[in-house]
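Notes for the one structure printed next.
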Protein chains: 2
Amino acid sequence: MATFKLTLEYDGGGLVGWQRQRSGASIQALVEDAAAALDGRRVAATAAGRTDAGVHALGQVVGLALERAIEAPALVKALNARLPDSVRVVAAAEVPSSFHARFDARSKTYRYRIWNAEIASPFERRYAWHIGGALDVAAMDRAAGVLCGRRDFAAFQAAGRVPASSVRHVMASSVARGERSLITYDVIADGFLRHMVRNIVGTLVEVGRRRRPPEWMAEVLASRDRSRAGQTAPPEGLFLMRVEYNARFQASPSGTLNVA
Amino acid sequence: MATFKLTLEYDGGGLVGWQRQRSGASIQALVEDAAAALDGRRVAATAAGRTDAGVHALGQVVGLALERAIEAPALVKALNARLPDSVRVVAAAEVPSSFHARFDARSKTYRYRIWNAEIASPFERRYAWHIGGALDVAAMDRAAGVLCGRRDFAAFQAAGRVPASSVRHVMASSVARGERSLITYDVIADGFLRHMVRNIVGTLVEVGRRRRPPEWMAEVLASRDRSRAGQTAPPEGLFLMRVEYNARFQASPSGTLNVA
């Protein structure tokens, strides 16, 4: 048995998300089936981030164990030959058998992309949230900064869910103007609640539209009440950019944003 | 009657190209049908460049005349409300009734995008030609420069076609490395033969792969023989970037490349 750490890119449009579902193509099923065809037996794949339907990845990390002896570069080729072109393994590295893609992750970086122009872009419709009206990026960035630190993010978790703890450590949270009409929200944390980034973005957009002042973010956070936050931003703007591990697992290169 | 010059962006994937066909969605049919719904009668639209199936545009220019009195900004909104989100009117300007989008065009700029990395990108699969092996960009650029000037481009026209003249004036022709794994070919000319840019790119890639020296380009050009040139590069890498007119028609802003 050898355990591998894979780095994946995928265009989440048309996929049902990471987790295997009863119907629809999930990234987990695609990767597990490709690995099973290679290994001649069922293979279980574990991802660092269980991305939702429509969410993209440039640096998802997946762990799996194979019985067949294979070198990492050959594994990349063999898996890509069996995966659809919307999903690519961009790197593989053999790691200790104790490796767990989710539990060993030290931090994850997500990027949310907003296309802020009166007229939507045909080329960004699958990779950004189109917002036609003016957005106050400086106010959004001030509100985003409020989230840094070890906080209870219950106000931003998916409605109806009650995880063991909603406390997470956010190391970076900022909004900036990108090229052309692009606005990006970048967030790094030790973990994320379901829909957390998209709920934060929906809240930031309320501030950007000047319906709420930047100080409102602190109120929403303190309330721990999902109904106080903004709408859930659509999935097509969200990218899992990279996953950081401690040095012994940090072998493979992380993804770069190809569409920006 | 008022004549309008429209600037269009479109994602050509899934479209049969500019020209109306018996089956499949053409940009011409989409624009003419949207304008007809607005004007209550048939409307004919003429494009600067009759882009092929799968080819994209960031600055296509289209001319059409309407009986209904409407201001340019309202026309943009009304047409976009009727067009699919893969096609956007990004600007409109009223022009003299003598305006002809194709015959009055002084020059057109095309960009061809190559994604040159061992592993294809899920985010570039629709917007670039994936070439896995190494490409000598300096050699490609030298070969591209050979095409500048007033030349007979018969060697690069679509097989089987015999236009009145295959002489065109190329004002700029160069290859450069872009961000990450991107290589771009930019070409400006007073007009283009059918498949000309894609046939040039197929020829440039032969040079890039070092199967031919840069000097081969001059031989191919001089031969005026289509069978001497390289393969026709796939349509998904090609973008009509902008169309230039003389001052009196140069009202609307031209497109910028959103995907690069």
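The values are calculated or read from the model by the stated rules, or taken from the named source; none is laboratory data. Since this is a predicted model, take the numbers as computed values, not measurements. Every residue, glycine as well, gets a Cβ built from its backbone with ideal geometry; the counts of neighbours run over all protein chains shown. The area values use the complete protein model at the heavy-atom level, side chains included, leaving out ligands, DNA and RNA. Shrake-Rupley method; radii C 1.70, N 1.55, O 1.52, S 1.80 Å.
List of remarks:
- Prolate/oblate/rounded label for the stretch B:56-178 (Cα gyration tensor, a/c 1.5): oblate
- Unit Cα scatterers, Debye sum, chain A: log10 I(q)/I(0) for q = 0.09, 0.14 Å⁻¹: -0.41, -0.94
- Across the stretch A:1-130, the fraction of Cα-Cα pairs farther apart than 22 Å, rounded to a whole number, is 37%.
- With protein chains left intact and a 1.4 Å probe, residues in chain B average 41 Å² of accessible area per residue.
- With the label put 7 angstrom out from Cα along the Cα-to-Cβ vector, residue A:68 ends up 6.1 nm from the copy partners, going from closest to farthest.
- Spread of Cα-to-Cα distances over 5 Å intervals beginning at zero, given as percent, for the stretch B:112-189: 3, 14, 20, 18, 17, 14, 9, 3, 0
- Debye-formula intensities of the stretch B:12-71, expressed as log10 I(q)/I(0) at q = 0.12, 0.19 Å⁻¹, are -0.29, -0.68 (one equal scatterer per alpha-carbon, no solvent).
- Inter-copy label distances at residue B:180, using a point 7 Å along Cα-to-Cβ, come to 1.5 nm with the shortest given first.
- The tail of the calculated P(r) for the stretch A:163-228, taken as Cα-Cα distances beyond 18 Å, holds 41 percent of the pairs.
- Residues in the stretch B:57-86 that, when all protein chains are in place, have 30 Å² or more less accessible area than the chain alone would give (probe 1.4 Å): B:85
- Summed side-chain charge close to residue A:2 - residues other than residue A:2 whose Cβ falls under 13 Å, Lys, Arg +1, Asp, Glu -1: -2
- The convex hull built on the alpha-carbon positions of the stretch B:46-93 has an orientation-averaged projected area of 3.8 nm².
- Pairs of lysine residues in the protein assembly as shown - Cα separation under 17 Å, sequence separation of 8 or more or cross-chain: 4
- Protection proxy ranking for B:43-51, B:227-235, using the average of other Cβ atoms within 10 Å per residue and placing the highest first: B:43-51, B:227-235.
- Chain B, relative contact order [Cα under 8 Å, separation at least 6], %: 24
- Positive contributions from Lys and Arg (+1) and negative ones from Asp and Glu (-1), summed over other residues with Cβ under 15 Å from the Cβ of residue A:53, come out at +3.
- Shortest-first nm distances, residue B:98 label point to equivalent points in other copies (7 Å, Cα→Cβ): 8.2
- Cα gyration tensor, the protein assembly as shown - rounded (a/c under 1.5), prolate or oblate: oblate
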